[in-house]
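What follows draws every value from the coordinates through simple rules; no lab data is involved. Here the structure is a predicted model, which means the values were calculated and not measured. Virtual Cβ from ideal backbone geometry, glycine too; neighbours counted across all protein chains shown.
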Amino acid sequence: MLLPQQGATVFVMLRHKRPLPTAGSAIPEKSIAVLPFENLSDDKSNAYFADGIQDEILTRLSKIADLKVISRTSTQHYKSAPDNVPEIAQQLGAAHILEGSVQKSGETVRVNVQLIKAANDSHLWADIFDRKLTDIFSVESDVAKAIAEQLRAHLSSREEQVIAAKPTDNPEAYDAYLRGLAYTSKPAVMATDARKYLKEAVELDPNFALAWALLSYVDSNGYRTLTLPSTEATREEARQAAERALTLRPNLGEGLFAKGYYHYSCLKEYDVATSYFEQARRLLPNNPLVPQSLAFVCRRRGQWEQAEAYFNEAEQLDPRNTLVLTQHGLTLSAVRRCPDAIRKIDEVLNITPESKASVREKADIAQAEGDLPRAAQLLSGQDVKSWGNNDIVTHTSQAIFERHPAEIIPQLKQVLDEHGPDLDVEQARFWLGWAQEQSGDHAAARQTWQEVVSKLKANAKAEPNSTYFLDSLALTSACLGDKKAALSYARRAMELVPIEKDALSGPAELEIFARTAALTGETDQAITALQKLLSIPYEGGLTKAASLTPALLRLDPMFDSLRNDPRFQKLASTAPQATGK
């Protein structure tokens, strides 16, 4: 495969289309955050039911375009009835707070809610609803209508119908749906549980469009993140569930979003996904998943300014969602706006100070800027026993960049001896071999890599379209001197993710090709690839937080074979600048 043609180097600073919210930003009067509802049931296992009622009230409110409604992702970490309501409201960017409790006993439910004006911590409205399980939907609708009235929010006739809609007539199906919904807000490993209950819900009521839509989203997300089997069966279930939801309710915002997410996650059809997301956006004005997903798609399409605008929009609705903040930070790093990326990652650390991944991402960026002392400070004190795949890359790179590779070898061996089930052992062994090679122990490095490559070949045979295995094979084969195989693997990965179809990840495959070419003595091809890479934004090939920079070219011994070439020297001496379109 021919390399993409070298384009003119363009360094363009991205503009903020929409200002980021700050502590001093004006908070809209018609804004509200719904805090977790307290479970007062004798059976504490009914916590999912209280969570579900809170979420359903929030969902109905979020469909009112005249309101700003903060996402559950940002509110779920707070207590049900906190003492510091004004402070929480400021953190969330909401003028009002809704608190509540749910008590389920047999076939009856009591829901107690109170609306609080955050500025003076005063109660604007409160009510108690006693209902049968078969009539629980009326509570969710009544609460949403009452809040809209209290906040003087305009309701269109369509919004009134949506708020009053009854998603199912089957209480057992609704209970299964609430159980599945509760699992969607838990760690990704819970995808199988969410899927199980949502499939139960649609089996109990095949006309439950909302459950079909959520099932499709869980399937598509699990397929993309590998938290569900990445198989044709999972992909097909996602498609059928989304289409079933839209057949039942053609104007269901959640159904349109699910169909778009299927095209994004399962088929990588970004134009089609965008069309569905834009339709969903009009029906789900306060759902942060929609602008978040549009941001993800824009990155793939190389629309970096639009991506940032969508991230800003998602953060307005979900200000404490660390996933969104992290991805925004990585996007800023991809366009090489390193100081802005650091500030965004610091927002994550303000919310979750214990986030080891965020600290490592800051170290990756420091390395990309050539600031090894700062990277070392960030990485110091991290327990080797807690290292994962990304930590191994960053720590090993740091040791090699600082020119003391022998010191990292005992730590890598310890990780391999004591690793947990989530560690990619072959990747860890590749980096052990690289450290051994840089320390001068060439025989040990070769033995390590030979053990790696045989297992990687078996993995690649089982998953021939996995760029992850192809990338690892390319670099390992290059280190072993198998030039033909190494370049073949790297070219195959580029064919699977071409830059023209994926502006975020496509260049990462070109980076692996550049490294492979450099390691195998293909100087012209390596430099042509590097010239392209330094002119465009993308997520890094070795670590997502750091695309190639002149500083990394100077530091990384993978490019040692190029150092005497004037073209490489020019690339490595260029001042780092932001890139974008």
Point to revise | Within segment 376-474: Cβ-based charge dipole about Cα centre, in debye rounded to nearest 20 (Lys, Arg +1; Asp, Glu -1) | key: 280 debye
Point to revise | Proportion of all alpha-carbon pairs of segment 29-166 beyond 22 Å (%) | key: 33 percent
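Please report the antiparallel percentage of the DSSP beta bridges confined to segment 29-166, to the nearest 5. Each step should come with its number before you reach the end.
Numbers: 20 of 27 bridges.
The antiparallel proportion sits near 75 percent.
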Practice item. Obtain the nm distance between the two label points defined at Asp565 and Met190 by a simple spin-label model: each point lies 7 Å from its Cα along the Cα-to-C-beta direction. Key: 5.1 nm
Review point. Going by average Cβ neighbours within 10 Å, how do the peptides 392-401, 168-177 rank, with the highest at the top?
Key: 392-401, 168-177
**Study point:** Compactness of the chain - radius of gyration and Dmax, Cα, Å
**Key:** 25.9, 80
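Going by a ≥ b ≥ c, the root eigenvalues of the Cα gyration tensor, does segment 236-352 fall in the rounded group (a/c under 1.5), the prolate group (a/b larger than b/c) or the oblate group? The partial results should precede the final answer.
Details: a/c = 2.48, a/b = 1.90, b/c = 1.30.
Note, shape of segment 236-352 comes out prolate.
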Study note, to complete from the structure: For segment 326-573, shape from the Cα gyration tensor axes a ≥ b ≥ c, cut at a/c of 1.5 then a/b versus b/c, turns out rounded
Practice item. Give the long-range amide H neighbours of Val34: residues separated by 5 or more places, or on another chain, with amide H under 5 Å away, using H modelled in the peptide plane at 1.01 Å from N. Key: Ile70, Leu98
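For Lys79, Lys483, Lys344, Lys544, what ranking results if the residue with the fewest other Cβ atoms within 10 Å of its Cβ goes first? Can you show the working numbers first?
Working: Lys79 12, Lys483 16, Lys344 25, Lys544 20.
By the 10 Å Cβ count, ascending: Lys79, Lys483, Lys544, Lys344.
Once you order the gyration tensor axes a ≥ b ≥ c over the Cα atoms, which shape class does segment 172-315 get: rounded for a/c under 1.5, otherwise prolate or oblate by comparing a/b with b/c? Please list the in-between numbers first.
On the way: a/c = 1.72, a/b = 1.53, b/c = 1.12.
In terms of gyration-tensor shape, prolate.
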Review point. How big is the gap, in Å, between the Cα center of segment 299-365 and the Cα center of segment 54-116?
Key: 26 Å
Check your understanding: Rounded to the nearest 20 Debye, what is the dipole magnitude of segment 90-247 about its Cα centre when Lys and Arg each give +1 and Asp and Glu each give -1 at the C-beta?
Key -> 360 debye
Practice item. Hey, for a label at Gln114 modelled as a point 7 Å past Cα toward Cβ, could you say which residues of segment 84-102 have their backbone N under 13 Å away? Key: 84-85, 97-101
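Among Arg110, Arg282, what is the fewest-to-most ranking by other Cβ atoms within 10 Å? Provide the component values of the computation, followed by the final result.
On the way: Arg110 16, Arg282 12.
Ordered from fewest to most neighbouring Cβ atoms within 10 Å, Arg110, Arg282 come out as Arg282, Arg110.
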**Study point:** Label point at Glu232 placed 7 Å out along Cα→Cβ; residues across segment 451-481 whose backbone nitrogen lies under 20 Å
**Key:** 460-467
Check your understanding: Under the definition of Cα pairs under 8 Å and six or more residues apart, what whole-number percent is the relative contact order of the chain?
Key -> 13 percent
Study note, to complete from the structure: Given a Förster distance of 41 Å, the FRET efficiency implied by the Cβ-Cβ spacing of Ser380 and Lys501, rounded to the nearest 0.05, works out to 0.50
Revision key, fill the gap. Rounded to the nearest 5, the percent of DSSP beta bridges in the chain running antiparallel is 75 percent
Check your understanding: Helix-derived [θ] at 222 nm for the chain: sum -39500 (n - 2.57) over DSSP H runs of at least 4, divide by residue count, nearest 500?
Key -> -18000 deg cm²/dmol
Revision key, fill the gap. Listed with the fewest Cβ neighbours within 10 Å leading, Lys30, Lys484 appear as Lys484, Lys30
Exercise for review: Take the alpha carbon atoms of segment 201-256, find their center, do the same for segment 500-573, and report the distance between the two centers in whole angstrom.
Suggested key: 40 Å
Exercise for review: Step through the residues of segment 276-290 one at a time and calculate ³J(HN,Hα) from phi using the Karplus curve (6.51 cos²θ - 1.76 cosθ + 1.60, θ = phi - 60°), rounding each to whole Hz and writing x for Gly and Pro.
Suggested key: 5, 4, 5, 5, 5, 4, 5, 9, 10, x, 10, 8, x, 4, 6
